[in-house]
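J.: First the structure, which I've put down as structure tokens, then a few questions once you've had a look.
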Amino acid sequence: DAGITQSPRHKVTETGTPVTLRCHQTENHRYMYWYRQDPGHGLRLIHYSYGVKDTDKGEVSDGYSVSRSKTEDFLLTLESATSSQTSVYFCAISETSGGELFFGEGSRLTVL
Amino acid sequence: GDSVTQMEGPVTLSEEAFLTINCTYTATGYPSLFWYVQYPGEGLQLLLKATKADDKGSNKGFEATYRKETTSFHLEKGSVQVSDSAVYFCAPPPGGGFKTIFGAGTRLFVKA
């Protein structure tokens, strides 16, 4: 199995609080992605990274920011969480831009 | 841009039935194509892939052939099992350079 660890795996927070999800990889892959998964919407890309300090927006980036200061870590931050951000968040990595994705186990976030 | 069209679910089958999940794509050139599977409570994992036109990917009894003449990559299995109950995603090639945009997937229920 690809070495991808997401933390925390479960989190309950209140509206307006900041939240940071962490994705850590031990594969030294260049590309990293954050997706959210909601019933009826499948997986939607939030942000992605194509190298250290190189990030870009995905389909649903509003309300989210990311940072990648090291190859192995990709952080997703909700500056002020809202109930609409209740979801399951998945991190994925890829060695090449057209290659297969390896996914983490997911982080379930509930915003009350 | 590059994209896929995947049949909507849910698909409900009896054990040992034949499975087809349709997927058609649009792409520039002939990039690699992928099928991912998501079992309940888990992240996505690669099921099979084809790296060029006319390739057949196969794994765990599932097969998909990359057909350039019909721009299709349909997933098939001759005899499904209850353990195949999951959500299946046909993944398009990355658009905009690096990002893979998923659809809603096809949920499969297999009854004993």
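Derivation of every value follows stated rules applied to the coordinates shown; laboratory data play no part. Computed from a predicted structure; not experimentally measured. Methodologically, a virtual Cβ is constructed for each residue, glycine included, from the backbone with ideal geometry; neighbour enumeration extends over all protein chains shown.
J.: Between B:Val80, B:Val87, which is within 25 Å of A:Ser87 (Cβ to Cβ) and either surrounded by fewer than 16 Cβ atoms within 10 Å (Cβ to Cβ) or of a type outside the set (Asp, Glu) (or both)? If you could, list the steps in order and put the result at the bottom.
T.: Numbers: B:Val80 fails: within 25 Å of A:Ser87 (Cβ to Cβ).
Sole residue among the options that is within 25 Å of A:Ser87 (Cβ to Cβ) and either surrounded by fewer than 16 Cβ atoms within 10 Å (Cβ to Cβ) or of a type outside the set (Asp, Glu) (or both): B:Val87.
J.: Here's something else I'd like to know. Among what's in the range A:87-99 and is of a type outside the set (Asp, Glu) and either more than 11 Å from every other protein chain (Cβ to nearest Cβ) or more than 22 Å from B:Leu46 (Cα to Cα) (or both), pick the residue that is surrounded by the fewest Cβ atoms within 10 Å (Cβ to Cβ).
T.: Filtering first and then ranking leaves A:Ser87.
J.: I'd like the residue in the range B:27-71 that is out of contact with any Phe, Trp or Tyr (no Cβ under 6 Å at 6 or more places or on another chain) and among the aromatic types (Phe, Trp, Tyr) and, out of all such residues, is farthest from the other protein chains (Cβ to nearest Cβ).
T.: B:Phe62
J.: Looking for something farther than 22 Å from B:Ala86 by Cα and touching a residue at least 60 places away in the same chain (Cβ under 8 Å) - is there at least one such residue anywhere in the range B:32-48?
T.: Taking every residue of the range B:32-48 in turn, at least one turns out to be farther than 22 Å from B:Ala86 by Cα and touching a residue at least 60 places away in the same chain (Cβ under 8 Å).
J.: Can you find, within the range A:50-72, the residue that is farthest from A:Leu112 (Cα to Cα) among those that are more than 9 Å from chain B (Cβ to nearest Cβ) and touching a residue at least 24 places away in the same chain (Cβ under 8 Å)?
T.: Here the residue is A:Thr71.
J.: Restricting attention to the range B:18-52, which residues are exposed (fewer than 15 other Cβ atoms within 10 Å of the Cβ) and among the hydrophobic types (A, V, I, L, M, F, W, C)?
T.: Within the range B:18-52, B:Phe18 is the sole residue that qualifies.
J.: Which condition number does A:Gly106 fail, the rest of (1) in contact with a Phe, Trp or Tyr (Cβ under 7 Å, 6 or more places away or on another chain); (2) free of Cβ contacts under 8 Å to residues at least 24 places away in the same chain being met?
T.: The single condition A:Gly106 does not satisfy is (2).
J.: Here's something else I'd like to know. Determine whether B:Leu75 is more than 14 Å from chain A (Cβ to nearest Cβ), in contact with a Phe, Trp or Tyr (Cβ under 7 Å, 6 or more places away or on another chain) and of a type outside the set (Gly, Ala, Ser).
T.: yes
J.: Ok, one more. Look through the range A:100-112, keep the residues that are closer than 30 Å to B:Thr51 by Cα and of a type outside the set (A, V, I, L, M, F, W, C), and return whichever of them is surrounded by the fewest Cβ atoms within 10 Å (Cβ to Cβ). Full working, then the answer.
T.: First, the residues of the range A:100-112 that are closer than 30 Å to B:Thr51 by Cα: A:100-106.
In the following step, the residues that additionally are of a type outside the set (A, V, I, L, M, F, W, C) were identified as A:100, A:104-106.
Working: A:Glu100: 19, A:Gly104: 25, A:Glu105: 14, A:Gly106: 22.
The extreme case among them is A:Glu105.
J.: Here are some residues: A:Leu75, A:Leu45. Which one is of a type outside the set (Val, Ile, Thr), out of contact with any Pro (no Cβ under 7 Å at 6 or more places or on another chain) and away from chain B (no Cβ under 11 Å)?
T.: A:Leu75
J.: Test A:Ser84 against the criterion of being in a strand (DSSP E or B), loosely packed, with under 15 Cβ neighbours inside 10 Å and either within 11 Å of another protein chain (Cβ to nearest Cβ) or at negative phi (or both), and give yes or no.
T.: No; evaluated as a whole, the condition is false for this residue.
J.: From the set of residues in the range A:65-81 that are among the charged types (D, E, K, R) and assigned to a loop (DSSP other than H, G, I, E, B), which is surrounded by the fewest Cβ atoms within 10 Å (Cβ to Cβ)? If you could, list the steps in order and put the result at the bottom.
T.: Of the residues in the range A:65-81, the ones among the charged types (D, E, K, R) are A:68, A:70, A:72-73, A:79.
Those still in the list that are assigned to a loop (DSSP other than H, G, I, E, B) too: A:72, A:79.
On the way: A:Glu72: 19, A:Glu79: 12.
Across the range A:65-81, the extreme among qualifying residues is A:Glu79.
J.: Let me ask you something else. Could you list, in sequence order, the residues of the range A:29-48 that are buried (at least 20 other Cβ atoms within 10 Å of the Cβ) and either within 11 Å of the chain's Cα centre (by Cα) or assigned to a strand (DSSP E or B) (or both)?
T.: Across the range A:29-48, the qualifying residues are A:Tyr31, A:Met32, A:Tyr33, A:Trp34, A:Tyr35, A:Arg36, A:Gln37, A:Leu43, A:Leu45, A:Ile46, A:His47, A:Tyr48.
J.: Answer yes or no as to whether B:Thr70 is loosely packed, with under 14 Cβ neighbours inside 10 Å, in a strand (DSSP E or B) and touching a residue at least 24 places away in the same chain (Cβ under 8 Å). Give the derivation first.
T.: Details: loosely packed, with under 14 Cβ neighbours inside 10 Å: yes; in a strand (DSSP E or B): no; touching a residue at least 24 places away in the same chain (Cβ under 8 Å): yes.
No; evaluated as a whole, the condition is false for this residue.
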